[in-house]
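Participant: Sending over a structure as structure tokens; questions will come in a sec.
Throughout, read-outs are computed from the coordinates displayed, never taken from laboratory work. Please read these numbers as outputs of a predicted model, since none were measured by experiment. All Cβ positions, even for glycine, are placed from backbone atoms using ideal geometry, and neighbour counts span all protein chains on display.
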Amino acid sequence: MQAGDIMRAWAMILKGQKPTLSIEITKECPLRCPGCYAYEDEHLGTGVNLRQLSDFKGDDLVRRILKLADEHRPLHLSLVGGDPLVRYREVETVLPQLLARGIHVQLVTSAFREMPAAWKTYNGFTLSVSVDGLQPEHDERRKPATYERILKNIANQRVTVHCTITGQMMKRPGYLEEFIQFWSKVDAVEKVWFSMFTPQRGDEMPEILTPDERAEAIRQIHDLRERYPKVAMPKRLVDHFASPPSSPSDCIFSQVTETISTDFQTSITPCQFGGDPDCSQCGCMASMALAAVGTYKVGGVIPAGALFRGSVRIGAMRRARSRGAEVLNEDPLRVIQ
Ligand code: SF4
Ligand code: SF4
């Protein structure tokens, strides 16, 4: 994130707006990944499962995406699912229109299908392809989006490979290095990002990293980012995996991101995971990236994180005032502490 982006994000937060928006544009997905949070009953927090929610297609979907983008005017928009490529024609139509509005767009996909070659030429666009480990494990977890299919479908693209590290991966020495060795050699891959599996509170699953495995994963990412230039993760970001936010209210990412589900009404809280995520074991790279931004000292004095959190409260008070609601009699400057 550049200094200009921080200032623009800050200005939006002070107005009670969220600078990043994520839209689950479809509930459909051809994959059945173990540990997928999107289809958990608790994901939406409404007692309704994502599979039961309405979703949209065709011109109606395009119109709704643009309307939401125009209402929120985010700096950054993620199109997620399900798998957004289930609606690839709509994505193909809406992408240039979003980019023309000056919004940075990220599409998060399994790359189960081919994509238009023109996407490679788009500025302000990130094509993020989820790859969950080396071929045998990935193919088992993410068929039909197998290695063979991904490699064929991304051949004419410029992609960021995003790997979510699991407990199973960390039980095999050298796993992450083998992974980065493979994907570093693929021309279409511009960057590689690592997240770690984030459980819901009370979960017991083989995907969850033990504290020792988490510490080892951090050590290995630090080492790999030094030796493999495609590992695009600043040191400060990687450091934050060791001390994730203590709660959603402590998480800058959750505070500045609005996530909307497929009916274009349901807001997913407290973050994209929905439900009751275990922040103490959060492995979300975006959360760590914003936590790292939060440690920068604005003017060499005030941590950006304190400014963001304080500004979120000021923005909320302003919105409440503009709606004519009763507002706490609080000095706004006191919250920037
Ligand atoms: S591709 Fe994503 S949405 Fe689809 S099953 Fe896998 S994790 Fe869930
Ligand atoms: S992104 Fe991570 S730290 Fe932030 S609210 Fe979600 S689980 Fe918690």
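Participant: Going by amide H atoms built from the backbone, whose H comes under 5 Å of the H on Thr126, apart from near neighbours?
Facilitator: Amide H to amide H, under 5 Å and 5 or more residues apart or across chains, Thr126 pairs with Val105, Gln106, Leu107.
Participant: Got the relative contact order for the chain handy, in percent, Cα pairs under 8 Å and 6 or more residues apart? Mind showing how you got there, number by number?
Facilitator: Details: 593 pairs, mean separation 66.9, N = 337.
Relative contact order of the chain: 20 percent.
Participant: Using just the Cα positions, wrap the range 135-208 in a convex hull and report its mean projected area in square nanometres, one decimal place.
Facilitator: In nm², the orientation-averaged hull projection of the range 135-208 is 5.4.
Participant: Evaluate the relative contact order of the range 148-198 (contact order divided by residue number), counting alpha-carbon pairs under 8 angstrom at least 6 apart; express in whole percent.
Facilitator: Values: 45 pairs, mean separation 28.3, N = 51.
After rounding, I find 55 percent.
Participant: Counting Lys and Arg as +1 and Asp and Glu as -1, each charge on the Cβ, what is the dipole of the chain about the Cα centre in debye, to the nearest 20? Numbers along the way, then the final one.
Facilitator: Values: 42 positive and 41 negative charges, 242 e Å.
So the magnitude is around 1160 debye.
Participant: Considering only the chain, what is the antiparallel percent among its DSSP beta bridges, to the nearest 5?
Facilitator: Within the chain, antiparallel bridges account for around 10 percent of the total.
Participant: Continuing with this model, one more query. Arranged from highest to lowest average of other beta-carbon atoms within 10 Å per residue, in what order do the peptides 190-202, 285-297 appear?
Facilitator: Output ranking for 190-202, 285-297: 285-297, 190-202.
Participant: A further question follows. Across the chain, how large is the tail of the calculated P(r) beyond 29 Å, expressed as a percent of all Cα pairs?
Facilitator: 39
Participant: Could you check which residue among Pro144, Pro136, Pro234 shows the biggest mean-square fluctuation in a GNM of the chain with a 10 Å Cα cutoff?
Facilitator: Largest GNM mean-square fluctuation: Pro136.
Participant: Ok, one more. So if each residue of separation counts as 0.36 nm, and I subtract the Cα-Cα distance between Asp276 and Lys171, what length gain in nm does that give?
Facilitator: Numbers: separation 105, 0.36 × 105 = 37.80 nm, distance 2.67 nm.
Working it through step by step, the gained length comes to 35.1 nm.
Participant: Go through the range 100-117 residue by residue and turn each phi into a ³J(HN,Hα) via Karplus (6.51, -1.76, 1.60, θ = phi - 60°); whole Hz please, and just put x for glycine and proline.
Facilitator: Taking θ as phi minus 60°, the curve returns 5, 7, x, 8, 6, 10, 10, 10, 9, 9, 8, 6, 6, 9, 6, 10, x, 4 Hz for the range 100-117.
Participant: Using the Karplus curve 6.51 cos²θ - 1.76 cosθ + 1.60 with θ = phi - 60°, work out ³J(HN,Hα) for each residue of the range 257-262 in order, rounded to whole Hz, and write x for Gly and Pro.
Facilitator: Values, residue by residue: 10, 9, 10, 10, 8, 5 Hz.
Participant: Can I ask one more? Once the other residues with Cβ under 15 Å from the Cβ of Ala291 are scored (Lys, Arg +1; Asp, Glu -1), what is the net sum?
Facilitator: +2
Participant: Per 0.36 nm of contour for each residue apart, how much would the distance between Arg236 and Arg201 grow if the chain were fully extended, relative to their Cα-Cα spacing?
Facilitator: Difference between extended and current length: 10.0 nm.
Participant: If the reach is capped at under 18 angstrom between alpha carbons, list the aspartates and glutamates near Lys297, excluding any in the same chain fewer than eight residues apart.
Facilitator: Asp5, Asp239, Asp250
Participant: How large is ³J(HN,Hα) for each residue in the range 63-77, as worked out from phi by the Karplus curve 6.51 cos²θ - 1.76 cosθ + 1.60 (θ = phi - 60°), to whole Hz, x for Gly and Pro?
Facilitator: 4, 5, 4, 5, 5, 5, 4, 6, 6, 8, 6, x, 7, 9, 10
Participant: Highest GNM mean-square fluctuation, the chain, Cα pairs closer than 10 Å: which of Thr46, Thr20, Thr262?
Facilitator: Thr46
Participant: As a check on your grasp of the helix formula, calculate [θ] at 222 nm for the chain: sum -39500 (n - 2.57) over DSSP H runs of n ≥ 4, divide by the residue count, round to the nearest 500.
Facilitator: -11000 deg cm²/dmol, from helical runs alone.
Participant: Let me ask another. Using a 10 Å cut-off on Cβ atoms, rank the peptides 82-95, 176-189 from the highest mean neighbour count down.
Facilitator: Packing proxy ranking, top to bottom: 82-95, 176-189.
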